[in-house]
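The values are calculated or read from the model by the stated rules, or taken from the named source; none is laboratory data. Just so you know, these numbers come straight off a predicted model, no measurement behind them. Don't worry about glycine lacking a Cβ; one is built from the backbone with ideal geometry, like all the others, and counts go over all protein chains shown.
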Protein chains: 4
Amino acid sequence: MLLYVDSRRSKLFKAVRGVRVSTDKGSLNADDVLGLPWGSKVKLSTGVEAYVLKPTLNDILMKGFRRVTQVVYPKDISFVINLLSIAPGSKVLESGVGTGFMTAALAYHVGASGKVFGYEVREDFARTALRNLRLAGLDDRVDIKVRDIREGVDESGLDAAFLDLPDPWEALQEVRKALRPSSPAVIFTPSANQVMKSLRALRSGPFLDLRVYEVILREYQADPEALRPRTLGVMHTGYVVFFRVV
Amino acid sequence: MLLYVDSRRSKLFKAVRGVRVSTDKGSLNADDVLGLPWGSKVKLSTGVEAYVLKPTLNDILMKGFRRVTQVVYPKDISFVINLLSIAPGSKVLESGVGTGFMTAALAYHVGASGKVFGYEVREDFARTALRNLRLAGLDDRVDIKVRDIREGVDESGLDAAFLDLPDPWEALQEVRKALRPSSPAVIFTPSANQVMKSLRALRSGPFLDLRVYEVILREYQADPEALRPRTLGVMHTGYVVFFRVV
Amino acid sequence: MLLYVDSRRSKLFKAVRGVRVSTDKGSLNADDVLGLPWGSKVKLSTGVEAYVLKPTLNDILMKGFRRVTQVVYPKDISFVINLLSIAPGSKVLESGVGTGFMTAALAYHVGASGKVFGYEVREDFARTALRNLRLAGLDDRVDIKVRDIREGVDESGLDAAFLDLPDPWEALQEVRKALRPSSPAVIFTPSANQVMKSLRALRSGPFLDLRVYEVILREYQADPEALRPRTLGVMHTGYVVFFRVV
Amino acid sequence: MLLYVDSRRSKLFKAVRGVRVSTDKGSLNADDVLGLPWGSKVKLSTGVEAYVLKPTLNDILMKGFRRVTQVVYPKDISFVINLLSIAPGSKVLESGVGTGFMTAALAYHVGASGKVFGYEVREDFARTALRNLRLAGLDDRVDIKVRDIREGVDESGLDAAFLDLPDPWEALQEVRKALRPSSPAVIFTPSANQVMKSLRALRSGPFLDLRVYEVILREYQADPEALRPRTLGVMHTGYVVFFRVV
């Protein structure tokens, strides 16, 4: 559940007996909200009003997931989901899994009939990702292997692939074997040098429709009498390299 | 099917007997590609090589849809899908439908078990949107009504709403009635004035979690020896206003 | 003088006998660098090498000026200097003066033969600005009056005007009287609401060539093996509204 | 003189006897405006009203200069002038000169007591630049040599340098010899690859304070009832690499 106090304060919590949720505006017993319909107004210990909301995917990612790596932000997650044409039922390859933000988003969109096959070299990352996916109720749609993707992919005939690795260019032939010909894939990478290396590798292999993007998000102060972008913000996360395998 | 010639030339076509596909690099008989697997290499009449690819959602939207209004671009479509937490099975309200870009994307992500309820005042727009949705094979997931949303929404208990109207602030109470409490909704609007009017209306009603965003996309020249953003591009499409109903 | 240690550490100091300059990499006696040519390499108390550099205008603004208000950043300062067509000899009107960043930049570019006439309602701001201008050696080119510009401008026949006020639209007629017909002027303002109000006032008065801009600066990590924009940064400072008086 | 008709139509012309200025809203005899003060309202042949304005530096660059190369835009020109700390009296090195946009801006700001030393390998470019500078009345402050800067610079003790060359990294040692130690210099270059090569060369030589920037300009529709950035625009011109010589 999401306890929404105001635009700066909201908290994700598990609605189980005995849990107490604290915010700097007051606290709440989970017992008191069990059974309430979504959107109910409640009172914190201090008398401050709050709301009990159904969390969105982003609420769960941003407020519930334990982070162990640099994560992929919603602005990039959503753009990649679109480029990869993820639909209910899609079978998707991912490497590395890291904290599991992208894994969760992929699992969310492929639905109960789809599957995400994740490769992650570090066991501790894989374990945290799985814990996060369980929190989101998405773990049954995900199959995580602790393995370097360059050592081989077990699957074939997949619909799309997402690579967030230090050396994505070394994984391209495995991606190609795993995907059905004509399928889309995306590399997400922070520096222009890695984009160049990826493009060079993609150009020499049998890959098509190479494209490079960057998504810049500006959040505004939501004040109708002083509308303006927030002063400080995230200027850069990474570059998105799109391609198709044949 | 998508006939991919090179990074500047690709064409969406229906693979039916007798159809001839032309590009400025040569043409092709659809008969010759019927039955070929995705990703097959073919030769155009001129000897130029091309590929037969499975179209992504964006290929269909950008190359197949007939346009009758200003459309919502993939950068915004994907960000909104994410904000609205659209999943397989979601029931979504949309107004207006216009050319049907956003309708198609919503229908794509809600899957066979979900539904999009679209309100559109102009019958000619509704007709074109339906034709476009049929082309994408998504028409059975969409229910379009030729009606001003302010005259009333038939549905209730929906999961999310998307508004792309000249006066979105006049539709807020209907949105509220149609959505389950705590559900997310988005207004997409081109000018700062409309954002302000929307925020004023949202602040006076029972709406929560107001946020305003702008997504800027930069496409790069995909050349590893001369990596740089393209010189000209789309600097602005619209502002994204997020809120939740209670 | 600017003591440059590395890309994160540099310090502006006055090279006078007895002064000691401290950095977190070591300290230096000003006495030891008196008389050294610009660009000389020196050793800090810790043995760390540093350089004695001639400060640029920005070094003085960013590292030397005491700040009492929100300041105008170099990205906006330079764009405005350009729009206003400031040249050696220009006579410029400014209101308000605030911390004096823009005042100093204007004074720098008008040279010894030009003049900046600054209006500032708050005496404490005016005093700090004057102190800052003295530090930059530019005070003799500036004439600061503690006065609300709406109460009247003493000068006439000026070449350009810069307004950084909460209500710039109320100062337009005074700006018009002070400038020679056909001269350029700029309003700098943080919110879209203020831009709208300014445009409405400009449209009703005898003003021409209205334009609105926003300058976004991205600073990159200057690493040739990992070139990428810095993760966090300034997303917004203000909008630049240009016009000409007739 | 600048003939200003409306926000989309303005024309730079020489006010000499017998000249006729045409716009798509009507024409004007230069004879009729000779002697009129700046800002005067005039009538075109069609009865449409227009204004006679004193051109700004940008009016002259953008509307008067004949272009033979890719030019440097005002957003970058102004930012570079600021980084280079150009003041009245500055002596500046430039290579290549190209169309002369940057040359003119430098000459404008160094004033009558300063000087710009321009190196340009192509004689035809040098000739056009000189013609352009004459039009702007700035040619006496500029000394253009038809020479590859790598063959040697005649000047020394200069205050700043601007490089807009395909291989700027090959000119660094000549820049170093020409500038006084501690002086600022800027490389302007379109691709990330050239930025990397420049940074590598700068890191190995005796150069300090390396910084990389990108200036993004958004122009808004100046309509107070529909304020929004223009839909299409320039997404990229070039990267700005700053350094200091010692």
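Scanning segment B:190-215 for residues that are facing chain D (nearest Cβ under 9 Å) and in contact with a helix residue (DSSP H, G or I) (Cβ under 9 Å, 6 or more places away or on another chain), which turns out surrounded by the fewest Cβ atoms within 10 Å (Cβ to Cβ)? Here the answer is B:N193.
Considering each residue of segment A:207-215 in turn, at least one proves to be modelled with pLDDT of 95 or more, out of contact with any Pro (no Cβ under 8 Å at 6 or more places or on another chain) and under 30 Å from C:T189 (Cβ atoms). Scanning segment A:15-29 for residues that are hydrophobic (A, V, I, L, M, F, W, C) and without any contact (Cβ under 8 Å) to a residue 24 or more places away in the chain, which turns out nearest to A:I60 (Cα to Cα)? Restricting to residues being hydrophobic (A, V, I, L, M, F, W, C) and without any contact (Cβ under 8 Å) to a residue 24 or more places away in the chain, the top hit is A:A15. Suppose we filter B:S90, B:S156 for residues that are within 14 Å of chain A (Cβ to nearest Cβ), surrounded by fewer than 20 Cβ atoms within 10 Å (Cβ to Cβ) and either farther than 23 Å from B:L199 by Cβ or among the charged types (D, E, K, R) (or both); which single one remains? Matching residue, one of B:S90, B:S156: B:S156. Could you go through segment D:223-246 and let me know if any residue there is modelled with pLDDT under 95, under 25 Å from D:V116 (Cβ atoms) and touching a Gly at 6+ places or on another chain (Cβ under 6 Å). Checked segment D:223-246: at least one residue is modelled with pLDDT under 95, under 25 Å from D:V116 (Cβ atoms) and touching a Gly at 6+ places or on another chain (Cβ under 6 Å). Whenever a residue of segment D:38-52 is part of a loop (DSSP other than H, G, I, E, B), its partners that are hydrophobic (A, V, I, L, M, F, W, C) and surrounded by 15 or more Cβ atoms within 10 Å (Cβ to Cβ), lying with C-beta atoms within less than 6 angstrom and at least six residues away or across chains, give the pairs D:G39/C:V246; D:L44/D:L28; D:L44/D:A50. Just one of the listed residues (D:L130, D:L172) is within 21 Å of the chain's Cα centre (by Cα) and surrounded by 16 or more Cβ atoms within 10 Å (Cβ to Cβ), and it is D:L130. Would it be correct to say that D:Y119 is closer than 19 Å to D:V245 by Cβ, without any contact (Cβ under 8 Å) to a residue 60 or more places away in the chain and buried (at least 18 other Cβ atoms within 10 Å of the Cβ)? Yes. For segment C:52-87, the set of residues classified as within 7 Å of chain D (Cβ to nearest Cβ) and of a type in the set (F, W, Y) consists of C:F79 only. Here C:A105 passes the criteria (1) of a type in the set (G, A, S); (2) within 14 Å of chain D (Cβ to nearest Cβ); (3) buried (at least 23 other Cβ atoms within 10 Å of the Cβ); (4) outside any helix (DSSP H, G or I) except the one numbered (4). Out of B:L12, B:L61, B:L34, B:L44, one residue alone is outside the structural domain of B:V212 (by TED's automatic domain parsing) and within 30 Å of A:L57 (Cβ to Cβ). It is B:L61.
Of note, C:G114 satisfies the criterion of being within 14 Å of chain D (Cβ to nearest Cβ) and farther than 30 Å from C:S27 by Cα.
Of the candidates A:V68, A:V80, the single residue that is part of a loop (DSSP other than H, G, I, E, B) and either touching a strand residue (DSSP E or B) at 6+ places or on another chain (Cβ under 6 Å) or assigned by TED's automatic domain parsing to the domain that holds A:R180 (or both) is A:V68. In the set (1) within 12 Å of chain C (Cβ to nearest Cβ); (2) closer than 30 Å to C:E225 by Cβ; (3) not hydroxyl-bearing (S, T, Y), the condition left unmet by D:P166 is number (1). Taking each residue of segment A:85-105 that is assigned by TED's automatic domain parsing to the domain that holds A:E123 and closer than 12 Å to A:R141 by Cβ and looking for partners that are of a type in the set (D, E) and at pLDDT 95 or above with beta-carbon atoms closer than 7 Å, six or more apart or interchain, yields A:S90/A:D159; A:K91/A:D159; A:V92/A:D159; A:T103/A:E94. Criterion applied to C:A201, C:A192, C:A222, C:A226 was being within 21 Å of C:P74 (Cβ to Cβ) and aliphatic (A, V, I, L, M), and the one residue passing it is C:A222. Among the residues of segment C:218-246, the one identified as closer than 19 Å to D:P229 by Cα, within 9 Å of chain A (Cβ to nearest Cβ) and buried (at least 22 other Cβ atoms within 10 Å of the Cβ) is C:Y239.
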